Amino acid sequence: MATAAAARRNTRLPPEVNRVLYVRNLPFNIKGDELYDIFGKYGAIRQIRLGNTRDTKGTAFVVYEDIYDAKNAVEHLSGFNVANRYLIVLYYNKARVQMRKVSSSGREKELRDLQKKYGVDGEEQTQGRK
């Protein structure tokens with residue numbers, strides 16, 4: 001068993017592999033203890049953060065103590081069925097998140113400019129409609 005662990009440590013990992021996993025498509029009513037049960041089978045977990053706002057419900061971040069445990073969890077839990085929902089387990093990518101924030105703020109600015117150009121306030125007008 002010790003030789004298997006040593007061989008595992010000597011394998012070269014792709015650059016996107018890290019200890020932090022981003023989990024999507026979780027049931028909204030899942031608890032942290034349930035996530036510890038599911039993800040804890042693949043290694044020691046340092047931290048789990050469940051999304052609790054309207055935009056982040058159904059997502060979580062799982063941080064493993066060891067990068068190889070995180071890799072094993074991604075390989076085994078991607079597509080895993082929890083309460084009739086198939087989990088999407090990805091490696092956390094900070095650059096992708098920052099790019100998404102920049103692009104969304106750029107889209108918001110573009111939308112405000114178009115609203116100003118066409119004299120629209122962004123609120124749907126419902127008066128006079130049935």
Does the stretch 81-89 contain at least one residue that is farther than 26 Å from I30 by Cβ and either at pLDDT below 80 or touching a Gly at 6+ places or on another chain (Cβ under 7 Å) (or both)? no
Exactly one of D121, D55 is outside any helix (DSSP H, G or I), surrounded by fewer than 16 Cβ atoms within 10 Å (Cβ to Cβ) and at pLDDT 85 or above, and that one is D55
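For every residue, the table says whether it meets (1) at pLDDT 90 or above; (2) among the basic types (K, R); (3) open to solvent by 100 Å² or more (accessible area, probe 1.4 Å); (4) part of a loop (DSSP other than H, G, I, E, B).
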{"position": "T3", "(1), (2), (3), (4)": "no, no, yes, no"}
{"position": "E16", "(1), (2), (3), (4)": "no, no, yes, yes"}
{"position": "I30", "(1), (2), (3), (4)": "yes, no, no, yes"}
{"position": "D33", "(1), (2), (3), (4)": "yes, no, yes, no"}
{"position": "F39", "(1), (2), (3), (4)": "yes, no, no, no"}
{"position": "I48", "(1), (2), (3), (4)": "yes, no, no, no"}
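The values are calculated or read from the model by the stated rules, or taken from the named source; none is laboratory data. Quick caveat: nothing in here was measured; it's all calculated off a predicted structure. Please note: Cβ atoms are built from the backbone with ideal geometry, for glycine as well, and neighbour counts cover all protein chains shown. Heads up: the accessible areas ignore ligands, DNA and RNA and are worked out on the full protein's heavy atoms, side chains in. Shrake-Rupley method; radii C 1.70, N 1.55, O 1.52, S 1.80 Å.
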